[in-house]
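The values are calculated or read from the model by the stated rules, or taken from the named source; none is laboratory data. All of these numbers come straight from a predicted model, not from anything done at the bench. Every residue, glycine among them, receives a Cβ derived from its backbone with ideal geometry; neighbour counts consider all protein chains shown. We work out accessible area using only protein heavy atoms, side chains counted, and drop any ligands, DNA or RNA first. Shrake-Rupley method; radii C 1.70, N 1.55, O 1.52, S 1.80 Å.
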Amino acid sequence: MDDASDRLVTERLESFVDSIVRGLNLPSDLAAEARADFLAHLETAVHSRRGRGEPLDAAIAAAIARFGPTDVLRRRLQEAGQRRAARGRPVVRVLRGDAVMITWFRDAQHALRGLRKTPGLTLVVASTLALGIGANAAVFSLIKGTLLAVPPFPDAGRVLRISSVVERTGQILGSSMPDVRDWRAQTTAFVDLAAYFTIPTQMAGERLAESVDVTWVSPGFFEVIGLSPLYGRTPREDEFARGADVFKVVLAHGFWRRAFGGDPAVVGRSIRLYRQSFTVVGVMPTAVDYPGGTDLWAPMQGLFGALNSDPRSDFRQRRWHRVVGRVRPALDVATANAELDTIGRRLAAEYPGTNRDIRVRAVTLHEAEVGDLRPYFLLLLGAVGFVLLICCANVANLQLARGHSRLRELAVRSAMGATRPRLLRELFIEQVVVAVLGGLLGLAGAHWLLAILMRLVPVDLPS
């Protein structure tokens, strides 16, 4: 540029800067510094644009427009001056950071307008991403909660599921209470073992009657899981005995909060099950959710007492109880199985009519719940991973087609002065918006799909 142009640029920029700085409520030295910094920045921007061949008026207007409307610029310059006084940063450096944010905001607005021009394509791309993301998120959440889950018990690897097995066929059965009592009396490999079963029961309390899932347990159950109650206590050994006061219940944490509002004073209150009054003796912590979905735990003898039935009517061939045991610290699963096999053969010889073909097997609680499902879970994970690859390939093809159709638009904008970084920034923002939309839809779908999968998968691990 020649000297005349330089003077004209300086005069116009000085006039503009003076009109902005004049109304600022800043100390004179800070206002002078703001004026000099702002003017130098504008002159540099104008010279740069003029060097690229832009007309003088257009270069000046573009340099000024970067900072937004005059009233907004004055307010931001005032704030920048105050921050300069507080932090020691140059005024224009503060303003430049604000200008970058404004530029990104304008580019985001332009990108959103571009997406609104093609709502069908935007929806298809977002839905395709949602399909892949939702399926993978749901399946991985399922696997994380099953295959990768560890029961929240102390030394969870020592908690074993003990089952009766038909020797000829390998069929896994439940266990009968007479067998459980004999195992418990004869074992030395286990700290303790216990049987349980869960049935829905009508409960009447201080509020309206409701259906609850009650897990009826035998002695040793709470010692096996190894967790103490949050409030109160668990039933004592003598409270499981026939003829004792067996009408005790322990509340699950979730049920306690839902039915009693999390009131610690619930211990000692009464609820009614099968028209029999049961006393609440304890509340378990959140970690205890075994079997899954349990609302109450109560001594098994309490069920027989409430129904006025003889617990000795449990015949040895009625194998429908589940059994868990905690192996001693110095022993492993193989040692426990060896002892259980010996006990099982001894019972087979003693009770040939009911136990002749029955053997006893123990596996870790985690293996018992998910061991047979592991191949299916891994196959499902591979399948949804392949679906995600297909979705990504489809999205890439759609975006390539969309980009090809916009070549003319991008060429026109480039000819009108849009820089390559700005065009790339707008395209990047468009992709981010579509990706975020697809991710949100995918997470919503994953929540719905996971609820379905959890109902289909017969896993009873503690949550």
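General observations
- Residues satisfying the stated conditions in segment 219-232, i.e. assigned to a loop (DSSP other than H, G, I, E, B) and open to solvent by less than 10 Å² (accessible area, probe 1.4 Å): Gly220
- Residue within segment 145-167 that is assigned to a helix (DSSP H, G or I) and modelled with pLDDT of 90 or more present: no
- Residues in segment 49-74 that are at pLDDT below 75, exposed (fewer than 14 other Cβ atoms within 10 Å of the Cβ) and either part of a helix (DSSP H, G or I) or in contact with a Pro (Cβ under 8 Å, 6 or more places away or on another chain) (or both): Gly51, Ala65, Thr70, Asp71, Val72.
- Subset tally (residues that are in a loop (DSSP other than H, G, I, E, B) and under 13 Å from Pro285 (Cβ atoms)) for segment 233-251: 1
- Residue match in segment 368-388 (condition: touching a Lys or Arg at 6+ places or on another chain (Cβ under 9 Å), surrounded by 11 or more Cβ atoms within 10 Å (Cβ to Cβ) and of a type outside the set (Val, Ile, Thr)): yes
- 2 or more residues modelled with pLDDT under 90, among the polar types (S, T, N, Q) and over 33 Å from the mean Cα position of the chain (by Cα): qualifying helices (runs of 4 or more DSSP H) within segment 314-371: 352-355
- For first residues located in segment 354-381 and more than 21 Å from Thr169 (Cα to Cα), partners that are of a type in the set (Lys, Arg) and lie 6+ apart or on another chain with Cβ distances below 6 Å form the pairs Leu365/Arg161.
- Index of the failed condition, Phe304 passing every other in (1) in contact with a strand residue (DSSP E or B) (Cβ under 8 Å, 6 or more places away or on another chain); (2) open to solvent by less than 50 Å² (accessible area, probe 1.4 Å): (1)
- In segment 110-155, the residue that is nearest to Gly385 (Cα to Cα) out of those that are of a type in the set (Ser, Thr, Tyr) and open to solvent by less than 30 Å² (accessible area, probe 1.4 Å) is Thr128.
- Scope segment 252-264; condition out of contact with any helix residue (DSSP H, G or I) (no Cβ under 7 Å at 6 or more places or on another chain) and either open to solvent by less than 60 Å² (accessible area, probe 1.4 Å) or part of a loop (DSSP other than H, G, I, E, B) (or both); matching residues: Ala252, His253, Gly254, Phe255, Ala259, Gly261, Asp263
- Residue check for Leu193: more than 13 Å from Pro291 (Cα to Cα), in a loop (DSSP other than H, G, I, E, B) and either under 33 Å from the mean Cα position of the chain (by Cα) or touching a residue at least 40 places away in the same chain (Cβ under 8 Å) (or both): no
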